[in-house]
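Data block below; observations after.
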């Protein structure tokens, strides 16, 4: 695109209310302020709750991403917007994700009553037989392999989503994805603490033959932390061994919908639809979730999108393509 054409496009978009995405503390300074507030809250909450926090080898990660954050700020100041946005986005997902995980442990330590019986009853009312579903999946080894791989690729596809939007030059969409990640994470943590659940494997205690072809850790890996944190016998958080504790609502379900949503109207959309359908199909067995967990995840995703659009003042049908700085 020539400089004249680009100038004309800028003028037209400015007249329609378009504002270019700023790279300064992308996705938004407010998001970074919230991240800083979480740090302060956790510094106060950890000793009050009788917890200890250790970094172990993960301090290397924190130093690296802190350096990346500084580099992104320098690049933004020098108007190297694409590289600045890349740096800020990676650093934001790391720092916000880590702070959210710590908050997750502290919130679950509040020890609200287990909700497994209610969640299991809800899926029974809906006609879903979790044990029968587990047995059927277990009897089809090919499906087991496909769904296990799909469930385990959440982190990879989260990175791929951000990279795709960056390469396509969809900076507004990338900001939307990062903000939705943060909004939905906070909502999920609050609900998960108020409605704690050990998950379907812990509640139903299926016979060994019903999941003989499924990896032993599937749907149960978090219990080694969740149960003692909830009952108060685990009072330490190891940053290099921290894990997700939330069963209700399913955050895999939340992310499946959000990744599909932010890649809408792009060439990558069909790929993300296929992957996210597979990942969602894996949630009951490989995440140890109730059907109600998935429904809860759908509600959280929709509510998060609504909050973001209300906060940003954007409209669902508003054109969100930035200047053509993408390479695809």
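The values are calculated or read from the model by the stated rules, or taken from the named source; none is laboratory data. Just so you know, these numbers come straight off a predicted model, no measurement behind them. Here Cβ is always computed from backbone atoms with ideal geometry, including for glycine, and neighbour counts include all displayed protein chains.
Here residue 196 fulfils each of the conditions (1) over 26 Å from residue 291 (Cα atoms); (2) not in a helix (DSSP H, G or I) apart from (1). Here residue 228 meets the list (1) part of a helix (DSSP H, G or I); (2) without any contact (Cβ under 8 Å) to a residue 60 or more places away in the chain; (3) in contact with a helix residue (DSSP H, G or I) (Cβ under 6 Å, 6 or more places away or on another chain) almost entirely, failing just condition (3). Of everything in the stretch 263-287 that is on the phi < 0 side of the Ramachandran plot and in a loop (DSSP other than H, G, I, E, B), the residue that is farthest from the chain's Cα centre (by Cα) is 267. In the condition set (1) surrounded by 19 or more Cβ atoms within 10 Å (Cβ to Cβ); (2) closer than 30 Å to residue 81 by Cα, residue 169 is compliant with all but (1).
With respect to (1) surrounded by fewer than 18 Cβ atoms within 10 Å (Cβ to Cβ); (2) in a helix (DSSP H, G or I), the lone exception for residue 260 is condition (1).
Could you check, for the stretch 99-111, whether at least one of its residues is modelled with pLDDT of 90 or more and under 30 Å from residue 271 (Cα atoms)? Scanning the stretch 99-111, I find at least one residue that is modelled with pLDDT of 90 or more and under 30 Å from residue 271 (Cα atoms), so the answer is yes.
Yes/no per residue for (1) under 23 Å from residue 277 (Cβ atoms); (2) surrounded by fewer than 22 Cβ atoms within 10 Å (Cβ to Cβ); (3) more than 19 Å from the chain's Cα centre (by Cα):
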{"position": "151", "(1), (2), (3)": "yes, yes, no"}
{"position": "157", "(1), (2), (3)": "yes, yes, no"}
{"position": "179", "(1), (2), (3)": "no, yes, no"}
{"position": "182", "(1), (2), (3)": "no, no, no"}
{"position": "212", "(1), (2), (3)": "no, yes, yes"}
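Applying the condition of being closer than 11 Å to residue 237 by Cα and surrounded by 14 or more Cβ atoms within 10 Å (Cβ to Cβ) to the stretch 39-54 and asking which residue is farthest from the chain's Cα centre (by Cα) yields 51.
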